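Below: the structure, in structure tokens.
Please treat every number below as a calculation from the coordinates, not as lab data. Just so it is clear, the structure is predicted and the values come from calculations on it, not from any experiment. Please note: Cβ atoms are built from the backbone with ideal geometry, for glycine as well, and neighbour counts cover all protein chains shown.
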Amino acid sequence: MTAPETLLVLLAAGTLAGIVGTAGGITSLISYPALLLAGVPAVPATIANTIAIVPCWPGSALASRPELEGRGPWLRRWSLTAAAGGTAGAVLLLSTPPGVFARAVPFLITAGSVALLAQPCLRSVDTARGGQWFLGTGVVILSVYNGYFGAGTGVLLLTLTLATTDTSLARANALKNMLVGAASIAAAVLFAVVSPVRWEAVVPLAAGLFAGSTIGPRVARRLPPAVLRWLVALLGLAFAARLWLAP
């Protein structure tokens, strides 16, 4: 692709990914493949994707103010936990040889897609609603994964917050977006400081993600989730198969 074509593709993919991710889907199942299609190698694409996702946090926070009202103490506590986990995941990614990570990518995308398809079943699991130990353990593990790769983190965190914190989908989705944002920001800061960043890919993708993230929470209030869930998951599985079969 030429430079203008790449810019437009990343901008459009970022917008769609921002809508999908902040509405309860998986951001990286759209944004990460777009980076690979633009010619960015696996590890630099993961770094660029993590940094580009950061604008989703303020975008979704602005759009979710009604759902986040009164949640300040909860957010301060668990956002710090998510940030610590995101940092640990980023260190793990930077310690992984690029060839090993590239071979793992199809499996990671497949895991994220399966998690998205399993979302209704996961929601129905009774996990001792309100259990702080279960919530804390889940936030740490999922935030580490978010810093390492991230596809599927949002779905699993949404399930966790529904099971332990709030049974309202819109409110749980808003809390999930804040936790994903905290982990992503922490990982992105580390990447920006210690690793080369493909800023020419980050900027258009981030612009699209910010725009999409201001729309996603509104979509979550109105859109039946089944169509979005199946479409994004099937696209993810198709892309994982393409990577797996590529020479």
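Rank-order 39-50, 69-80, 85-96 by packing density, defined as the average count of other C-beta atoms within 10 Å over each peptide's residues, highest first.
Answer by packing, highest mean first, reads 39-50, 85-96, 69-80.
Put in line by how crowded their Cβ is, counting other Cβ atoms within 10 Å and starting with the fewest, Phe101, Phe149, Phe210 read Phe101, Phe210, Phe149.
Note that segment 3-245 shows a convex hull volume over its alpha carbon atoms of 107 Å³ per residue. Backbone phi angles across segment 83-95, fed through the Karplus curve with coefficients 6.51, -1.76 and 1.60 (θ = phi - 60°), yield HN-Hα couplings of 5, 5, x, x, 5, 4, x, 5, 4, 4, 4, 5, 8 Hz in residue order; Gly and Pro are listed as x.
Taken over the C-alpha atoms, segment 140-199 has Rg and Dmax values of 13.0, 41 angstrom.
Kirkwood Rh over alpha-carbon pairs of segment 1-95, then Stokes-Einstein at 4 °C and 1.567 mPa s: what D in µm² s⁻¹, rounded to an integer?
For the chosen part, D equals 87 µm²/s.
Report the extension gain between Ser168 and Ala241 in nm, rounded to one decimal, defined as 0.36 nm multiplied by the number of residues separating them, less their alpha carbon distance. Can you show the working numbers first?
On the way: separation 73, 0.36 × 73 = 26.28 nm, distance 3.48 nm.
Answer, rounded to one decimal: 22.8 nm.
Taking Leu237, Leu158, Leu11 in turn, the Gaussian network model of the chain (Cα-Cα springs below 10 Å) assigns the largest fluctuation to Leu237. Relative to the longest principal axis of the C-alpha atoms of the chain, give the angle of the C-alpha long axis of helix 199-222, reported between 0 and 90° and rounded to the nearest 10°. The angle comes out near 30 degrees. Using a cutoff of 8 angstrom between alpha carbon atoms and counting only pairs six or more residues apart, the relative contact order for the chain works out to 42 percent.
The local environment of Pro204, defined by Cβ-Cβ distances under 15 Å, has a net charge of -1 under the rule Lys, Arg +1 and Asp, Glu -1. Annotation for Ala3 and Arg218: the two label points, set 7 Å from Cα along the Cα-Cβ direction, are 3.4 nm apart.
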